[in-house]
Structure formats: C-alpha cells, structure tokens
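First comes the structure, then the notes that go with it.
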Amino acid sequence: MAPLTIRPGGPDDVPTVLTLMDDAAQWLVSLGRTEQWGTEPQSTSPRRIAQIGEFARGGGLWLAESEGRAVGSMSVGDASPYAPPVDEPELCVRLLVTDRASKGTGVGAALLEHARELARQRGVRLLRVDCFAGGDGALVRYYERQGFTRAETFTVPVGDRLWPGQVLAQRL
C-alpha cells in the first residue's frame, strides 16, 4: 500500500465516511454478522447520518488516505452516552472503520496510533473505545491485539433486542 496520510475530516467528508461504513456493513452481512450494524446500508439510516455529521462538525473526525483515496476513518471525543463513565480525563474512539480492500494493511492500527498521539497532545493518559461485543467476539479481540484491555460491558436497546457492547481501555 502507498504511504498513508491522516487528515482532519469535516462536513464534506460525511458521504465518504458513510460509503466506508456501507462497504463494511455489506462485508459484515456477507459473513453472516448482521447483529452489529444490521443489514441495511448505513447511508440510509437517519440516525447514522446524523451521528457522522455530528462527528464531522465536532472536530473529532479523521480520515486515512492513500494515494488520495479514503481507506479509513475514525472519530474521537467524549465517551458515547451509553458507555460507563470514568472519573479521569479520557479520549474515546467513537468510530473506527476501514476500507475492506485495505484489510490487513495496518490502516486501523495507524488510526489508533493517531488517537494515542492526540490523547498525549491533550495530556490524557486514558484512551477508551467501545465496540460490538456479540457474535464471535472478533471485534473485541481486534482491539485487544491493538493493546487495549477489556473494561466494562454494556447493552443498548435496539428495536426489540439488546445490542451487546464492550468498553476497552488503554493506559498511555
């Protein structure tokens, strides 16, 4: 893969992030992992569109690009409202998505390293991420391979079911 550039995202990048999410959702569906993001494109969800727009306007959206093409995105900021609070300053990864064609090339790891650097610049020693904890646990294991450790679990009501979540933390 060509060198990676990580740049701040803004409102003009919302369609790009939603496309990355649509591709990831389609990949999850192809694997039979429909519990995480459902079966519909993320770009058709008013809730998801509003969320990514909020990330973009809030200054925490970042895009990873290779040869001028978006290959990943991340949003950092305050903890998600459903994540158990902590009593110290923290930076939270609210979104991490990579281009499926770039799978295994380190895009996600590079974005997480950028989050660590942002936390250090802010004098924050705790980086947290929350993620889907259902299915076979592959996403939780991914974050563990990136140096995070399991902290609290939580659930979020989604329709008539509870979406299982896991908070993972990393001390810097």
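Derivation of every value follows stated rules applied to the coordinates shown; laboratory data play no part. Here the structure is a predicted model, which means the values were calculated and not measured. So basically every Cβ, Gly included, is an ideal-geometry build from the backbone, and we count neighbours across all protein chains shown.
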> At what distance in angstrom do the alpha carbon centres of segment 98-172 and segment 1-60 lie from each other?
Replying inline: 15 Å
> With the dipole of the chain worked out from charges on the C-beta (+1 for Lys and Arg, -1 for Asp and Glu) around the Cα centre, which of Ala56, Trp163, Thr105 lies farthest toward the positive end?
Replying inline: Thr105
> Fewest first, what order do Phe154, Phe148, Phe132 take by the number of other Cβ atoms within 10 Å?
Replying inline: Phe154, Phe132, Phe148
>> Full-extension gain between Thr39 and Arg150, please, as 0.36 nm times their residue separation minus the C-alpha to C-alpha distance.
In response: 37.2 nm
> Can you sort Trp62, Trp163 so the residue with the fewest Cβ neighbours within 10 Å comes first?
Replying inline: Trp163, Trp62
> Lys/Arg Cβ at +1, Asp/Glu Cβ at -1, dipole of the chain taken about the Cα centre: which of Val124, Gly77, Val93 is farthest positive-ward?
Replying inline: Val124
> How large is the dipole of the chain about the Cα centre if only Lys and Arg carry +1 and Asp and Glu carry -1, each at its Cβ, rounded to the nearest 20 debye?
Replying inline: 320 debye
>> If I model a spin label as a point 7 Å beyond the Cα along the Cα-Cβ vector, how far apart are those points for Thr105 and Ala2 in nm?
In response: 1.0 nm
>> Considering the Cα positions of segment 4-171, please state its Rg to one decimal place and its Dmax as a whole number of Å.
In response: 15.0, 43
